[in-house]
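Chemist: Sharing a structure here in structure tokens format.
Where a number appears in this text, it was derived from the coordinates with a stated rule and is not lab data. Since we're looking at a predicted model, the values are computed, not measured. For neighbour counting, all protein chains shown are included, and Cβ atoms are generated from backbone atoms with ideal geometry for every residue, glycine included.
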Amino acid sequence: MKVTNIRVLITIIVIGLLAGMIGIVLTELLHVVQQLAFGSGNSTTHTSFKILVETSTPLHRLLVVLLCGVLTGLGWVLLHRYGSGITDIKKVIQNNAISMPIGTMILHPILQIITVALGSPLGREVAPREMSVALTTGWIKWTHWDMALDNNTKRVLLACAAGAGLAAVYNAPLSSTIFILETLLLSWSMHHIIAALLSCSIATFVVRMGLGDTLQYPLSSVSFTDYLIIWAALMGLCIGISVHYFNKSFSKLSILPRTSWYMIPVAIVSFGIIGIMSIYFPEILGNGKPGVYLAFTTSLDWSYAVGLFATKWGALLLATIAGAYGGRISPSMMLGSLLAFIGGVIWNSILPLYTLPLEVCTVVGAATFLGCAQKMHLTAIIFLLELSRFSPSYFFPICICMGTSMIIVELCNKKSL
């Protein structure tokens, strides 16, 4: 692929513009539904989802999550039965001969956003990626440029669309660029880097023009000592084991055929259980940002962190059984930050003379769990610092924690524990 080709360059620009506009629309949709469902019913004012779920009554949360279960079951059964097929974007990128039905792949992401807004514990980041790829596919066909583009060029453009969608929803252009190269293309050629940088930068610029330069986790940097490096190396071992069993727990799930009408009562029961858990742990609702914020600001104690970790994991399994779709980026960050918080508390209890800053521990854990669970190791390291705008000095503990965690994950996978 050559980015100097005028058709390719124009398509890259269009991809960035489309992804940015998709990011704006889906973000606004998410906020409107959240305000209507958990707020006072006034969709014109914006209150953070964390405050909305924590201040709503337990019964209110339960009823909204039950509604989410009805919508999950009915919505995706209808899409699977009467839609043109839900296509995995990674398969489309690897084999662009696979058709991507635009209509279905627009409704599918919208349904994801609505269910996440209603309390589904899965992430929202897959929706803009899927819609960006779907509209890019339509753009290429509509302009008839697909006849002039080779398969490798199409693959790169679709990967850029997926990455630009991620950049748009998280305001993170650099980590999204690395995501394209590390996880989608598995290539670091100069032309691929240029295409990824341009598409992600344009998407981020469009979103900032529409929504402002939103900082996901506005946290102040905290100094740390070399003892944190020792803790990070040890914590990586614990995170590696947790990631192995986290991924294994999803692979062992038995799910009914997506077209079965029985999925509707299964979804209602599953989300009913999630709603009951949210009575005691409201932060399990949504993509995980409320839980991440709790951990990053250390606004919880160790016992609540343990309960939140267990219920979020369980909620993710239940949502998957229910047939819900969504991402696992923010959920993985939440689990990692909570696990690291617990690990930091244990260290400080055993070694009070070598106290660690728990805020830093949680960021290290979030990046490591995300990188290992989603197989986006380099992306996760940059991603956490882009979201929080912490000092680059935090690369050191994150890198050592990621390294030891990767070793454990590989060993566990080989031994099939």
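Chemist: Give me a comma-separated list of calculated 3J(HN,Hα) values for the range 285-292, in order, Karplus coefficients 6.51, -1.76, 1.60 applied at θ = phi - 60°, integers in Hz, x for any Gly or Pro.
Modeler: Rounded to whole hertz, the list is 6, x, 6, x, 4, x, x, 4.
Chemist: So what does the Cα-only Debye profile of the range 226-415 read at q = 0.12 Å⁻¹, as log10 I(q)/I(0), no solvent term?
Modeler: -0.57
Chemist: Separate question: Suppose every K and R has +1 on its Cβ and every D and E has -1 on its Cβ; what is the size of the dipole of the range 6-211 about the Cα centre, in Debye to the nearest 20? Working shown, then result.
Modeler: Values: 12 positive and 8 negative charges, 26 e Å.
The dipole magnitude comes to about 120 debye.
Chemist: Once each part is reduced to its C-alpha centroid, what is the distance from the range 276-294 to the range 149-204 in angstrom?
Modeler: 31
Chemist: I'd like the per residue volume of the convex hull spanned by the Cα atoms of the range 6-211, given in cubic angstrom.
Modeler: 117
Chemist: Neighbouring Cβ atoms within 10 Å as the yardstick, rank VAL126, VAL363, VAL70 fewest first. Kindly include the intermediate steps, with their values, before the conclusion.
Modeler: Values: VAL126 24, VAL363 30, VAL70 15.
If I rank by nearby Cβ atoms, fewest first, I get VAL70, VAL126, VAL363.
Chemist: If you take the charge dipole of the chain about its Cα centre, with +1 on Lys and Arg Cβ and -1 on Asp and Glu Cβ, which of ALA233, TRP347, ILE15 is farthest toward its positive end?
Modeler: Of the options given, the answer is ILE15.
Chemist: I'd like the Kirkwood hydrodynamic radius of the chain, using the inverse of the mean 1/r over distinct C-alpha pairs, in Å.
Modeler: The answer is 21.7 Å.
Chemist: Related question: Using Cα-Cα distances under 8 Å and only pairs 6 or more residues apart, what relative contact order does the range 226-415 have, in percent?
Modeler: The value is 34 percent.
Chemist: Still on this model: What dipole magnitude, in Debye to the nearest 20, does the range 226-415 give about its Cα centre under +1 on Lys/Arg Cβ and -1 on Asp/Glu Cβ? Show your work: numbers first, answer last.
Modeler: Details: 10 positive and 6 negative charges, 131 e Å.
Its charge dipole is roughly 640 debye.
Chemist: Another question about this same structure. Tell me, what ³J(HN,Hα) does each residue in the range 237-246 have, in order and in whole Hz, if you take phi through Karplus 6.51 cos²θ - 1.76 cosθ + 1.60 with θ = phi - 60° and put x for Gly and Pro?
Modeler: Per-residue couplings from phi come out as 5, 5, 5, x, 5, 5, 4, 4, 6, 4 Hz.
Chemist: What residues have an amide H closer than 5 Å to that of GLY123, excluding those fewer than 5 places away on the same chain, when H is modeled at 1.01 Å from N in the peptide plane?
Modeler: GLY327, ARG328, ILE329
Chemist: Assigning unit charges at the beta carbon (Lys, Arg +1; Asp, Glu -1) and nothing else, what dipole magnitude in debye, to the nearest 20, does the chain show about its Cα centre?
Modeler: Using Cβ point charges on Lys, Arg, Asp and Glu, the chain gives about 880 debye.
Chemist: Along the range 94-100, what does the Karplus equation 6.51 cos²θ - 1.76 cosθ + 1.60 (θ = phi - 60°) give for ³J(HN,Hα), rounded to whole Hz, x for Gly and Pro?
Modeler: Each residue's phi maps through the Karplus curve to give 6, 9, 6, 6, 5, 6, 10 Hz.
Chemist: For the range 81-139, what is the largest minus smallest coordinate of the Cα atoms on each principal axis, given in angstrom and ordered from greatest to least?
Modeler: Per principal axis, max minus min of the Cα coordinates gives 36, 23, 19 Å.
Chemist: Calculate for the chain the 222 nm mean residue ellipticity that helices alone would give, adding -39,500 (n - 2.57) per DSSP H run of length 4 or more and normalising by residue count, nearest 500 deg cm²/dmol. It would help to have the intermediate numbers written out before the result.
Modeler: Working: 17 runs with 293 residues, N = 417.
Dividing the helical sum by the residues of the chain leaves -23500 deg cm²/dmol.
Chemist: Taking loop as defined by DSSP and a crowding limit of 15 other beta carbons within 10 Å, which chymotrypsin sites (Phe, Trp or Tyr not before Pro) in the range 208-279 fit? Walk me through the numbers on the way to the answer.
Modeler: Numbers: sites: PHE224, TYR227, TRP231, TYR245, PHE246, PHE250, TRP261, TYR262, PHE271; in loops: PHE224, TRP261, TYR262.
Here the sparse-neighbourhood loop sites are TRP261, TYR262.
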